[in-house]
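This report refers to the structure that appears directly beneath it.
Here, each number is a calculation from the coordinates, and none is a lab measurement. Just so we're clear, the structure is a prediction, and the values are computed from it rather than from any experiment. Quick reminder, even Gly has a Cβ in these numbers, built from the backbone with ideal geometry, and neighbours come from all protein chains shown.
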Amino acid sequence: MTDLLTIEDVAAEAVSLTSELIQIDTTNTGDPDTVVGERAAAEYVAEKLTEVGYEISYVESGGRDRHNVVARLPGADPSRGALLVHGHLDVVPADPSEWSVHPFSGAVRDGYVWGRGAVDMKDMLGMCLALARYYKSNGIVPPRDLIFAFLADEEAGGSYGAQWLVDNRPELFAGATEAISEVGGFSVTFGDHRAYLIETAEKGIRWMKLRVRGTAGHGSMIHRDNAVTALAEAVTRLGNHQFPLVLTEPVREFLDRLGQLTGWEFPEDDLDGALDKLGNISRLIGATLRDTANPTMLDAGYKANVIPSVAEASVDCRILPGRMEAFNAELDEILGPEVEREWMELPPVQTTFDGALVEAMTAALVAEDPEAHTLPYLLSGGTDAKAFDKLGIRGFGFSPLRLPADLDFSALFHGVDERVPVDAIHFGTRVLDRFLRSS
């Protein structure tokens with residue numbers, strides 16, 4: 001790269017990098033026997049960084065082909081807290097038979113980059129990698145240190161990625177005080193207004209295994225102690241249960257600010273109905289009004305005529321800030337004492353929508369889109385911000401994209417035909433460049 005490059009040249013490289021990253025299969029099933037691993041993608045990123053002069057930390061985190069890459073770009077003021085820019089290399093599985101393009105093709109067509117990870121989150125990695133290369137090769141010095149982290153295992157909780165690094169290699173993030181990553185900064189059109197949602201909070205995650213034990217026997221006999229039946233009844237109760245509506249402070253702030261922008265009202269006695277006016281984004285916001293516990297997998301038995309002694313189910317639970325004790329009490333009531341429970345859990349995190357970093361995000365967006373408004377929101381899912389919160393790093397979701405008003409963006413996360421507009425990557429690269437040079 002040379003100093004003759006324009007930011008649009010960098011954005012074009014971001015599109016190419018995104019496509020090439022998608023072509024590297026980094027499927028994370030959560031099962032060590034079937035995980036593909038991030039090694040090939042980490043090696044790709046490491047090569048792209050070292051060829052422009054970065055000294056990188058290439059970290060193996062204990063699992064087969066589980067690798068992370070971290071690089072630091074010194075800033076003009078080393079006394080300031082560093083900004084961590086992090087993203088994950090892994091993706092969830094995809095069934096090619098369901099897609100109109102191969103999920104690992106990285107195809108660029110019809111104005112989109114297609115493939116698993118296009119929005120979650122190889123687009124952000126492509127933009128950040130392109131900018132990191134641009135800054136280093138052209139001697140561009142940001143206001144403060146930038147730490148670029150390309151991480152493993154986010155889709156399964158970060159045990160081989162962010163969580164492992166925080167526990168075992170915290171020095172890689174020394175001095176970092178703030179961070180940006182995924183699921184924020186994307187545009188949503190509300191009537192005549194275009195707003196960019198910046199993630200300031202996340203629900204807690206509990207991936208739970210339910211287990212019921214019964215008496216094994218022949219399928220032709222009468223059985224009063226059938227583990228499959230008991231588990232099915234418990235899972236049905238849990239899956240049909242609606243947890244109470246709780247208006248947390250992040251959601252209240254989002255609705256208040258949106259009401260001021262649009263003039264819409266969100267009465268608390270009909271909040272579920274009022275969210276319908278939000279269009280496609282109503283599912284995302286609706287999931288932040290209450291806890292959820294969605295059964296996702298069932299496992300029992302090994303033959304049609306054998307009643308098994310054990311039946312298991314997996315449940316994806318997402319818990320609002322401040323609701324853990326109440327959530328546990330409801331689970332006790334729903335499931336009863338006969339259902340065993342074990343789980344992996346990550347806590348909720350949240351910060352406030354204020355300060356110089358938020359002002360820099362807003363300014364960068366408005367510079368590229370004069371009609372932009374920014375709104376804070378609570379994410380119904382979770383990110384690696386949960387790990388970095390343990391180091392006292394204040395995290396935001398800020399992966400800027402200007403999207404078509406009719407694109408159901410939230411449905412693309414983990415969805416079929418995942419894709420990101422090429423124009424949105426160009427926009428996001430320009431916004432991130434302004435943000436990183438001014439924050």
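Projecting the Cα atoms of 36, 424, 127 onto the dipole axis of the chain, where Lys and Arg carry +1 and Asp and Glu carry -1 at the beta carbon, places 36 farthest toward the positive end. Compute the acute angle (0 to 90°) between the alpha-carbon long axis of helix 122-137 and the principal axis of greatest extent of the alpha-carbon atoms of the chain; round to the nearest 10°. For helix 122-137, the angle is close to 30 degrees. Considering only 351, 391, 407, and ranking their Cα positions along the charge dipole of the stretch 339-439 that arises from unit charges at the beta-carbon of Lys, Arg, Asp and Glu, the one farthest toward the positive end is 391.
With q set to 0.15, 0.19 Å⁻¹, the log10 of I(q)/I(0) for the stretch 128-243, from the Debye formula over equal scatterers at the Cα positions, is -0.97, -1.20.
Taking the square roots of five times each eigenvalue of the Cα gyration tensor of the chain, the equivalent ellipsoid has semi-axes of 38, 26, 21 Å, listed largest first. Two numbers describe the Cα atoms of the stretch 31-107: Rg and Dmax, which are 16.3, 53 Å. Legend: ranking of residues 373, 88, 223 from fewest to most surrounding C-beta atoms inside 10 Å; resulting order 223, 373, 88. Excluding same-chain residues fewer than 8 positions from residue 136, which lysines have a Cα within less than 23 Å of its Cα? Excluding near neighbours in sequence, the set is 48, 122. Counting other Cβ atoms within 10 Å as a rough exposure proxy, the listed residues 29, 200, 374 run 29, 374, 200 from fewest neighbours to most. For chymotrypsin sites (Phe, Trp or Tyr not before Pro), the sites in the stretch 265-372 that DSSP calls loop and that have at most 13 other Cβ atoms within 10 Å are 302.
As a ratio to 2.2 N^0.38 Å, the alpha-carbon radius of gyration computed for the stretch 336-409 takes the value 1.54.
May I ask for the angle, rounded to the nearest 10°, between helix 249-262 and the longest principal axis of the chain, with both axes built from Cα atoms and the value confined to 0 to 90°? Relative to the chain, helix 249-262 is tipped by roughly 60 degrees.
Rounded to the nearest 20 debye, the dipole size of the chain about its Cα centre is 500 debye, using +1 on the Cβ of Lys and Arg and -1 on the Cβ of Asp and Glu.
Placing one equal scatterer on every Cα of the stretch 219-267 and applying the Debye formula, the log10 ratio I(q)/I(0) at q = 0.18, 0.24, 0.27 Å⁻¹ is -0.72, -0.89, -0.97.
Annotation: amide H-H contacts under 5 Å for residue 186 (H modelled 1.01 Å from N, sequence separation of 5 or more, or interchain): 197, 399, 401.
In this structure, the amide hydrogen of residue 112, modeled 1.01 Å from its nitrogen in the peptide plane, lies closer than 5 angstrom to those of 422, counting only residues at least 5 positions away or on a different chain. Think of the stretch 260-386 as a dipole: +1 on every Lys or Arg Cβ, -1 on every Asp or Glu Cβ, centred on the Cα centre; then among 261, 306, 324, 306 lies furthest on the positive end.
Measuring how big the stretch 255-411 is from its alpha-carbon positions, Rg and Dmax come out at 20.4, 67 Å. Per the Debye calculation on the stretch 12-161 with a single equal scatterer at every Cα and no solvent contribution, log₁₀ I(q)/I(0) for q = 0.18 Å⁻¹ amounts to -1.02. Exposure proxy ranking for 344, 221, 361, 124, based on other Cβ atoms within 10 angstrom of each Cβ and starting from the fewest, stands as 221, 344, 361, 124. Measuring between their Cα centroids, the stretch 288-356 and the stretch 105-130 lie 32 Å from each other. Between the stretch 157-236 and the stretch 1-59, the C-alpha centres lie 26 angstrom from each other. Over the chain, DSSP H runs of length four or greater, each weighted -39,500 (n - 2.57), average out per residue to a 222 nm ellipticity of -9500 deg cm²/dmol. For the chain, the antiparallel share of DSSP beta bridges with both residues in that region comes to about 70%. Using the alpha-carbon atoms, what tilt in degrees (0 to 90, nearest 10) does helix 39-50 show relative to the longest principal axis of the chain? Once rounded, one gets 10 degrees. About the centre of its Cα atoms, the stretch 148-254 shows a dipole size close to 740 debye [charges on the beta carbon of Lys, Arg (+1) and Asp, Glu (-1) only; nearest 20 debye].
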